[in-house]
1. Please determine whether any residue of region 9-28 is touching a Leu at 6+ places or on another chain (Cβ under 9 Å) and farther than 24 Å from residue 75 by Cα.
2. In region 77-109, what count of residues is obtained for those that are surrounded by 14 or more Cβ atoms within 10 Å (Cβ to Cβ), under 28 Å from residue 61 (Cβ atoms) and modelled with pLDDT under 65?
3. Scan region 37-66 for residues that are surrounded by 10 or more Cβ atoms within 10 Å (Cβ to Cβ) and part of a helix (DSSP H, G or I) and jot them down.
4. Which condition number does residue 60 fail, the rest of (1) modelled with pLDDT of 90 or more; (2) at positive phi being met?
5. Name the pairs whose Cβ atoms lie under 7 Å apart, with the first residue in region 58-84 and without any contact (Cβ under 8 Å) to a residue 12 or more places away in the chain and more than 19 Å from residue 25 (Cβ to Cβ), the second of a type outside the set (Asp, Glu) and assigned to a loop (DSSP other than H, G, I, E, B), and 6 or more positions between them or separate chains?
6. Scan region 8-31 and report the pairs whose first residue is exposed (fewer than 13 other Cβ atoms within 10 Å of the Cβ) and whose second residue is polar (S, T, N, Q), with Cβ atoms within less than 9 Å and a gap of 6+ or a chain change.
7. Among the acidic types (Asp, Glu) and surrounded by fewer than 16 Cβ atoms within 10 Å (Cβ to Cβ): does that describe residue 34?
Amino acid sequence: MVLGHVNATGGGPGVFADLPVLTPGDEIRVHRADGTQAQFRVTHAERYAKDAFPTMRVYGNTADPQLRLITCDRYDPATGTFDENLVAYATLVTRGSTQRFPKCSPGAELRAPRPPAAVH
């Protein structure tokens, strides 16, 4: 599970500003604190009304390693709130790569679609 804002304080793009453009087949690399990475492939994305969010489907256990990227969606200027959540679903492609990566600085961003997006 990775949750992030679609917009930043002050109205700029948030860490998940590009989450809506992910499509099935896009790859996401999660760089771990130990320097290894896990690579996931997007299977689909779903939008859910805030009052009908399927908590168990999104946060529940899965039979295999999966990733969920979650952000707000469908901003309503009349209320100043987001009416929906966008959830991107992804499955593990590779596990525990021995390739090492430098640590990312705080505030690293997800940019999609290609090359593979990075979540730090």
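1. First, the residues of region 9-28 that are touching a Leu at 6+ places or on another chain (Cβ under 9 Å): 15-20, 22, 28.
Within this subset, residues satisfying the condition of being farther than 24 Å from residue 75 by Cα are 28.
Within region 9-28, one or more residues are touching a Leu at 6+ places or on another chain (Cβ under 9 Å) and farther than 24 Å from residue 75 by Cα.
2. Matching residues across region 77-109 total 1.
3. 50, 57, 58, 59
4. Status for residue 60: all satisfied but (2).
5. As it stands, the answer is none, since no pair meets every condition given.
6. Going by the 9 Å Cβ cut-off, the qualifying pairs are 24/43; 25/43.
7. Yes; evaluated as a whole, the condition is true for this residue.
The values are calculated or read from the model by the stated rules, or taken from the named source; none is laboratory data. The structure displayed is predicted, hence computed values, not measured ones. Here the Cβ is made from the backbone with ideal geometry for all residues, glycine too, and neighbour counts use every protein chain on show.
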